[in-house]
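Inspection log for the structure reproduced underneath, given as structure tokens.
The values are calculated or read from the model by the stated rules, or taken from the named source; none is laboratory data. A quick note: this is a predicted structure, and the numbers were derived from the prediction, not measured. Glycine also receives a Cβ, built like all others from the backbone with ideal geometry; neighbour counts cover every protein chain displayed. Heavy atoms of the whole protein, side chains included, go into the accessibility calculation; ligands, DNA and RNA do not. Shrake-Rupley method; radii C 1.70, N 1.55, O 1.52, S 1.80 Å.
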Amino acid sequence: VKEYFELKANLPESSLKKHARVLRDIIQLGDKSFKLPAIVYRNKGFYQKRFMTDEELHGIIGCMDERYHALALLLAHTGLRLSNAINLNWSDIRLGNNMIEVKQAKTGDFVKIPFTETVADVLQFRNRVRRIDGKVFDITVQAFQKAWRKAVKLSDIDWIPRPHDLRHYFCSYLLNKGIDHLTVATLSGHRDVNILKERYGHYTDDTLREAMKAFDSCSQTVAK
């Protein structure tokens with residue numbers, strides 16, 4: 001096992017952790033006492049250092065073919081991973097309670113995400129004609145990724161957000177609105193709040209200025 005991880009050490013940390021989980025689960029089928037050796041993660045992977053503003057988000061969506069608008073908006077307003085959203089089934093949706101309950105593809109954990117009005121509108125539109133297989137969308141991951149890249153090029157923003165940055169937008173938007181990290185982690189399905197802080201805890205200048213207003217009531221003054 002140690003030799004395997006040494007050979008794979010240059011993989012991104014997230015990928016190597018997936019390998020580790022699979023190996024552990026397989027070996028533990030025969031030996032429940034097995035524990036993985038310490039793993040050295042040489043490649044920490046790529047993490048975005050900024051997130052989309054509302055203007056940038058709607059600018060990109062506006063450059064997409066209309067058939068992708070609903071999925072893009074749902075991703076931005078639920079924080080679902082693209083694979084989860086693509087495979088979203090009507091059985092995952094509680095229309096009466098305005099709630100999505102879905103099993104995360106990455107962790108296997110269930111998350112509950114209340115509807116926003118935007119998501120409700122998306123689902124009402126999609127509900128007019130349901131597919132036989134029960135899926136909400138008839139779009140492939142590859143088709144959406146291609147449409148997203150094309151729209152980014154057509155937009156006038158000065159950086160290149162990925163489809164995964166729609167999840168990034170969801171988390172960072174809530175954090176900038178003052179929602180606590182634990183609540184955002186629960187909604188987005190993050191097990192580790194610290195990972196949420198490191199990857200998505202990007203605050204706007206306005207948010208930081210608002211935080212510093214707490215000192216406005218400070219009684220200390222500068223001697224003149």
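Check ARG167, ARG162 and return the single one that is in a loop (DSSP other than H, G, I, E, B), closer than 19 Å to SER14 by Cβ and modelled with pLDDT of 90 or more. Only one candidate qualifies: ARG162.
Of everything in the range 148-166 that's within 19 Å of the chain's Cα centre (by Cα) and among the aliphatic types (A, V, I, L, M), which residue is nearest to GLY62 (Cα to Cα)? Restricting to residues being within 19 Å of the chain's Cα centre (by Cα) and among the aliphatic types (A, V, I, L, M), the top hit is VAL152.
Conditions tested, residue by residue: (1) within 20 Å of the chain's Cα centre (by Cα); (2) touching a residue at least 12 places away in the same chain (Cβ under 8 Å).
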site: ALA9; (1), (2): no, yes
site: GLN28; (1), (2): no, no
site: TYR41; (1), (2): no, yes
site: HIS58; (1), (2): yes, no
site: LEU74; (1), (2): yes, yes
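Within the range 38-60, is even one residue among the hydroxyl-bearing types (Ser, Thr, Tyr), under 25 Å from TYR173 (Cβ atoms) and open to solvent by 80 Å² or more (accessible area, probe 1.4 Å)? Scanning the range 38-60 turns up at least one residue that is among the hydroxyl-bearing types (Ser, Thr, Tyr), under 25 Å from TYR173 (Cβ atoms) and open to solvent by 80 Å² or more (accessible area, probe 1.4 Å).
Of the residues making up the range 144-156, those that are open to solvent by 30 Å² or more (accessible area, probe 1.4 Å) and in contact (Cβ under 8 Å) with a residue 12 or more places away in the chain are GLN145, LYS150, LEU154, ASP156. Looking across the range 129-143, the residues that are of a type in the set (D, E, K, R) and either open to solvent by 100 Å² or more (accessible area, probe 1.4 Å) or not in a loop (DSSP other than H, G, I, E, B) (or both) come down to ARG130, LYS135. Of the residues making up the range 7-18, just one is open to solvent by less than 60 Å² (accessible area, probe 1.4 Å) and modelled with pLDDT of 80 or more, namely LEU16. TRP90 meets the stated requirement of being modelled with pLDDT of 90 or more and farther than 26 Å from HIS58 by Cβ. Among the residues making up the range 70-115, those that are open to solvent by less than 50 Å² (accessible area, probe 1.4 Å), assigned to a loop (DSSP other than H, G, I, E, B) and not charged (D, E, K, R) are GLY79, LEU80, LEU88, GLN104, THR107, GLY108, PHE115.
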